[in-house]
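Report on the structure given below.
The values are calculated or read from the model by the stated rules, or taken from the named source; none is laboratory data. Computed from a predicted model, the values in this text were never measured in an experiment. Here the Cβ positions follow ideal geometry from the backbone for every residue, glycine too, while neighbour counts run over all protein chains shown.
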């Protein structure tokens with residue numbers, strides 16, 4: 001009888017232990033992390049990672065919010081946990097300090113954004129007094145500011161007009177503007193359709209400037225870094241899958257953005273998806289285009305053009321803590 005009681009007790013302990021482990025796993029699976037973004041195919045590997053279960057036991061929800069102000073509000077109110085943004089988009093805010101810590105660099109524009117000009121414009125100094133259009137809050141608009149700043153100029157030195165990127169390209173072709181900032185495919189189309197026009201500068205010429213990061217709620221970085229580690233690993237697994245299974249990968253990613261696989265693959269030519277090694281290089285202080293230096297430079301330019309009334313410290317909003325734990 002004593003042996004039987006001992007066996008029953010052992011069985012009970014094992015059963016409780018198993019139940020606790022299963023409960024913890026179920027809780028982990030049910031815990032949802034919401035990542036917000038504008039509609040931009042550069043974020044497509046996130047959808048691939050979700051489709052292929054590369055995020056493992058982290059339940060990811062991807063949401064589209066087309067207005068960056070609404071994204072910030074959603075982050076501040078706790079409706080989302082993470083959002084994707086470039087250095088300039090993150091910092092171009094007034095009155096309300098943005099919430100978020102960049103833990104993973106996911107893509108860099110390499111020609112996908114740029115400035116198209118008329119045939120008589122050959123250098124940035126020629127921009128003075130010219131009629132220019134671009135869409136505030138988008139990378140081509142910041143590239144314009146960056147190029148002007150490099151020559152000691154600001155937006156006050158040009159006749160600037162706020163116009164949606166697609167409309168800006170069409171207006172340029174219709175000869176309503178001398179210069180427009182836009183992104184592909186409108187960038188190339190604008191240059192091709194107006195006689196003598198050309199792409200004067202693009203993100204190919206501004207290495208390290210237009211980089212998308214995932215900015216997480218600081219509490220996630222502090223209290224649940226393992227969640228961000230899993231998300232980072234999922235992103236890197238997606239990039240590996242693209243390399244090894246391109247047909248399936250581009251089909252899945254294209255479907256997420258309502259475009260054929262071939263079109264998604266063509267879009268990839270204007271950006272670079274960033275892997276673990278790229279992320280480590282972002283934090284290399286010997287790299288002149290390291291994340292901290294670019295973050296500060298972007299803040300300087302935004303402040304000069306009155307695009308922000310807040311100065312943010314890169315050490316408060318960028319971290320290598322997550323990347324440093326990965327192999």
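Of 298, 227, which residue is more than 17 Å from the chain's Cα centre (by Cα), assigned by TED's automatic domain parsing to the domain that holds residue 84 and crowded, with 20+ Cβ neighbours inside 10 Å?
Values: 298 fails: more than 17 Å from the chain's Cα centre (by Cα).
Checking each option against the conditions leaves just 227.
Look at residue 241 and say whether it is in the same structural domain as residue 57 (by TED's automatic domain parsing), crowded, with 17+ Cβ neighbours inside 10 Å, modelled with pLDDT of 95 or more and part of a strand (DSSP E or B). So residue 241 does not fit the description; no. Of the set (1) surrounded by fewer than 18 Cβ atoms within 10 Å (Cβ to Cβ); (2) modelled with pLDDT of 95 or more, all apply to residue 127 but (1). In the set 267, 295, only one residue is in a helix (DSSP H, G or I), touching a strand residue (DSSP E or B) at 6+ places or on another chain (Cβ under 7 Å) and closer than 30 Å to residue 160 by Cβ; that residue is 295. Only helices (runs of 4 or more DSSP H) whose full extent lies in the range 44-139 are considered here, and the ones with at least 1 residues that are within 30 Å of residue 158 (Cα to Cα) are 68-76, 87-91. The set of residues in the range 168-224 that are touching a strand residue (DSSP E or B) at 6+ places or on another chain (Cβ under 7 Å), closer than 29 Å to residue 83 by Cβ and part of a helix (DSSP H, G or I) comprises 168, 169, 187, 203, 218, 221.
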